[in-house]
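Just so it is clear, none of the values below were taken in a lab; they were calculated from the coordinates. Not measured: the values here are computed from a predicted model. Note that we place each Cβ from the backbone using ideal geometry, even for glycine, and neighbour counts take in every protein chain shown.
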Amino acid sequence: QVRLVESGGALVQPGESLRLSCAASRIIFRLYTMAWYRQAPGKQRELVADISSGGTINYVDSVKGRFTIFRDNDKATVYLQMNSLKPKDTADYHCNAVWEKVDYWGRGAQVTVAS
């Protein structure tokens, strides 16, 4: 069974950093476009960042310059380095893996940014 397991969520203060990890199993990881989505309470889910199998990266405007997505194909893991966190970054962050018509989701990691 395919699994995507997120880790690294926490409660932090504004300005601090966090690194989320998403470890995948039972997929040919290197083929997949990997992405991080987030959903805040009462809001729609939004794409935060994605990285293709070839390394092409996209970010939502609100995180450009603060967040970095990267992947380690040998470890079948994608990361989201989040710096200069803001209260508006508070959300449940989910990992997503897509290849052709197949996609998988992790259960999420909660990130809370508050004083």
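Miscellaneous remarks
- Amide N of the range 60-102 lying under 12 Å from the label point, which is placed 7 angstrom from the Cα of Ala10 along Cα→Cβ: 82
- Members of Lys64/Lys88; Lys43/Lys88; Lys43/Lys64 lying beyond 18 Å, as alpha-carbon distances in this model show: Lys43/Lys64
- Label-zone membership for the range 95-114, site Lys43, 7 angstrom Cα→C-beta point, backbone N under 19 Å: 95-96, 108-114
- As a length-normalised measure over Cα pairs under 8 Å and 6 or more apart, the relative contact order of the range 34-115 settles at 27 percent.
- Prolate/oblate/rounded label for the range 47-87 (Cα gyration tensor, a/c 1.5): oblate
- Theoretical gain in end-to-end length, Lys88 to Thr68 [0.36 nm per residue, Cα-Cα removed]: 5.5 nm
- By definition, a body whose alpha carbon gyration tensor gives a ≥ b ≥ c is prolate when a/c is 1.5 or more and a/b is larger than b/c, and the chain fits this prolate description.
- Spatial separation of Cα centroids for the range 11-38 and the range 67-115, in angstrom: 3 Å
- Sum of side-chain charges, Arg45 neighbourhood, beta-carbon under 10 Å (Lys, Arg +1; Asp, Glu -1): 0
- Near Leu18, once Lys and Arg are set to +1 and Asp and Glu to -1 for all other residues with Cβ below 15 Å from its Cβ, the sum equals +1.
- FRET efficiency for the pair Arg26 and Thr112, taken as 1/(1 + (r/R0)^6) with r the Cβ-Cβ distance and R0 = 35 Å, rounds to 0.70.
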